[in-house]
Amino acid sequence: LRDKFSSRLLQRAQLPERPWIRASVLELRPPPGAGSSGKEAGSRSCDEGAEAAAFEAARALGPISALLHVPAVPVVASIDTDAGLGVQLLGDADGQMVGRGPCWRTEAGRVLLAVQAFKAAAAHAPKRPPPTVAVLFAIAIQGHVDSTDACGLASNILGEVTQHVSDAFSSALREVARGKGVDVDALQVASFCVAVTRARGDGSTGGFTSLRAPLADAVFWSFRHGAGPCVVPEVCDLRLPARILGHWAQTCLSSAGGLPFPQGPDLLRASFEVAVDACVVDLAKLHDALPQASSALSRPGVGQDSEALSARQQVLDVRGLLWALDPPVEAWAAARSPEEFWRSVRQFLQESPARLAAAPCPEWWTAAAPQWDPAVLRAVAPFHPRLSCRRRRREFR
């Protein structure tokens, strides 16, 4: 699993009074070396493998409003209480100084990799802006400070450290994004110190304490400046029997000379398959218009078992129902009138599994449905013209 991203759901929340509004927090862990430059990763193929893995992870997670990026290590701050709480931040943009502090090029590379992957996975919604980035970092205080004073000192230097992280990360992001066709100016980035810990002499940390106020500010900023909610239509009855009848009727009316009646089983099966294929084309448009990996909400009594499925997967399941239809063309061919024929077709469709087909249904689905036209009841009898020749008698005078 070295070339795979791992993900898990941390929390999902919804409003009790409006259950169709949901917010989920997911953890996405990159593989080792993901987001590093070719020199750091060892080869270009490693970067290409990380990009492919990130794209697959983005497709699985679906549309994202904001990225909450957590650096691998805390930002180390050396505090000298004898010099009036002087602050010295250890680690430069490469994280090489004293061997402590985040390597901002690596952190920016991981963020850029995720942003590119989510943008590519959302190709069905080209107008959707990229997700915003909130850098959630921890500060490790180094120096002779009592544990009871650590949080208070962190609050005093919070603004200075946050500005340093914002500048270092933005600078590294611009450098990493150079030549990759990414508009860094259009990417909103903010930094928040959400935890404080103590830095030991051996490089380890201890006494981790979370800062709830900055964490709440980060979440609020992400929701306010994020890419916006992903709107998934409610699961409704697709009314496939009526849609198939509408497509079949429109096809018959467009035939030259009108609808011939009666027809043989082979012609009826071919006509039925044309109507089903037209419905499959409609389902393909619906499939492409829906976001990936988004669970949809179902109305009471409609699609009760479909909530755990993604919106696109529900459409694919409906397509399978259409392809599994086996029409009784022999019985249809024995109909004695157009009224009896269409009545048999309607009865078959209303008793088939297609009547229960449900999926996320936007407004245009119903508006674009073909309409049944009673004009198909006016059929013409097929005939085969006779070939004859007239013998003319030539008279001689």
Of the numbered conditions (1) touching a Leu at 6+ places or on another chain (Cβ under 9 Å); (2) modelled with pLDDT of 75 or more; (3) open to solvent by less than 70 Å² (accessible area, probe 1.4 Å); (4) farther than 16 Å from Val376 by Cα, Ala331 satisfies every one except a single condition; which is it? (1)
Within the stretch 58-112, which strands (runs of 3 or more DSSP E) (wholly inside it) include 3 or more residues that are modelled with pLDDT under 70 and either open to solvent by 10 Å² or more (accessible area, probe 1.4 Å) or of a type in the set (A, V, I, L, M, F, W, C) (or both)? 86-90
Within the stretch 133-183, work out how many residues are of a type in the set (Val, Ile, Thr) and at pLDDT 80 or above. 7
Taking Arg319 as meeting all but one of (1) at pLDDT below 90; (2) in contact with a helix residue (DSSP H, G or I) (Cβ under 6 Å, 6 or more places away or on another chain), write down the number of the exception. (1)
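The values are calculated or read from the model by the stated rules, or taken from the named source; none is laboratory data. All of these numbers come straight from a predicted model, not from anything done at the bench. Ideal geometry is used to build each Cβ from the backbone, glycine not excepted, and the neighbour counts take in all protein chains shown. When the accessible area is computed, the model is the full protein with side chains, heavy atoms only, and any ligands, DNA or RNA have been set aside. Shrake-Rupley method; radii C 1.70, N 1.55, O 1.52, S 1.80 Å.
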